[in-house]
Amino acid sequence: MKPQEFKKLQTKNLDLKPLPVKFALANEIFDIISKNRDYYKFLPWSNVKQPEQEFAFLSDADKNWKNQTEATYGMYLRKDGSFAGVCTMFDINWERESSEFGYWLNVKYAGQGFMSEAVKAISNEFFNMGFKRIVIKANPENIASCKVAEKCGFQLEGVLRSFDFLPALNKREDIALYAKIKEK
């Protein structure tokens, strides 16, 4: 499959679009993470120390969107334009027609169905582009992330034991591997 242009998406409650490379957004993301480090302890990058690291993330996300190697969507509430979180399709393999999903949500929007709404929309978009397999990896103790995967039709394929190191917890972690395959 040849690389295709990533599109902005819209759902009932969300606008899903590339993140702007702006210091204001870098500061907002840094502030969200800094004030809620315990909530984000399962995310390997949650130990960011300064807003400049978030600005570098935004710059990389913009570059990767343009060269079609990674699709990082900012999640914005349609009702008022508030920034709600991030969904990223990474490890995109156009030849194998597969990718991995990563996501995080501003804690103040947790439990409202926004992440499931975004994951469904982006997964459907990638399946419509021709992808055959999308993977989500989550710490089995991260119940919210596992529930999103299951609610969106991803099936648990197994647990990868001692798969990754979490700096925020200073320990190795198991990873639940979920996958969704395009229906024929």
With -39,500 (n - 2.57) per DSSP H segment of 4 or more residues and division by the full residue count of the chain, the 222 nm estimate, nearest 500 deg cm²/dmol, is -9500 deg cm²/dmol
When Asp164, Asp80 are arranged by how many other beta-carbons sit within 10 Å of their Cβ, fewest first, they go Asp80, Asp164
In debye to the nearest 20, the charge dipole size for the stretch 9-134, taken about the Cα centre with +1 at each Lys and Arg Cβ and -1 at each Asp and Glu Cβ, equals 280
Using alpha carbon positions and the Kirkwood radius, the Rg to Rh ratio of the stretch 88-184 is 0.97
Of the listed links Lys35/Lys132; Lys79/Lys151; Lys7/Lys49; Lys108/Lys132; Lys35/Lys66; Lys7/Lys132, those spanning more than 27 angstrom between alpha carbons are Lys35/Lys132; Lys7/Lys49; Lys108/Lys132; Lys35/Lys66
Residues whose modelled amide H sits under 5 Å from the amide H of Tyr40, counting only those 5 or more places away in sequence or on another chain, are none
For 111-119, 2-10, 18-26, ranked highest to lowest by mean beta-carbon neighbours within 10 Å, the order is 111-119, 18-26, 2-10
One checks the Cα atoms of the stretch 1-50 and finds Rg and Dmax, in Å, of 14.9, 42
On each of the three principal axes the extent of the alpha-carbon atoms of the chain, given in whole Å and largest first, is 44, 36, 30
Dividing the mean separation of Cα pairs under 8 Å (6+ apart) by the residue count of the chain yields a relative contact order in percent of 20
Expressed in angstrom and rounded, the centroid-to-centroid distance over alpha carbons for the stretch 1-65 and the stretch 106-175 is 16
Karplus-derived 3J(HN,Hα) from phi for the stretch 89-98 (6.51 cos²θ - 1.76 cosθ + 1.60, θ = phi - 60°), whole Hz, x at Gly and Pro, runs 9, 10, 6, 5, 10, 5, 5, 8, 6, 9
Bridge orientation stat for the stretch 9-134 from DSSP, antiparallel percent rounded to 5, came to 90
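A short reminder: the numbers here are calculations on the coordinates, not readings from a lab. What you are looking at is a predicted structure, and each value in this text was computed from that prediction instead of being measured. Neighbour counts are summed over all protein chains in view; Cβ atoms, including those assigned to glycine, are modelled from backbone coordinates with ideal geometry.
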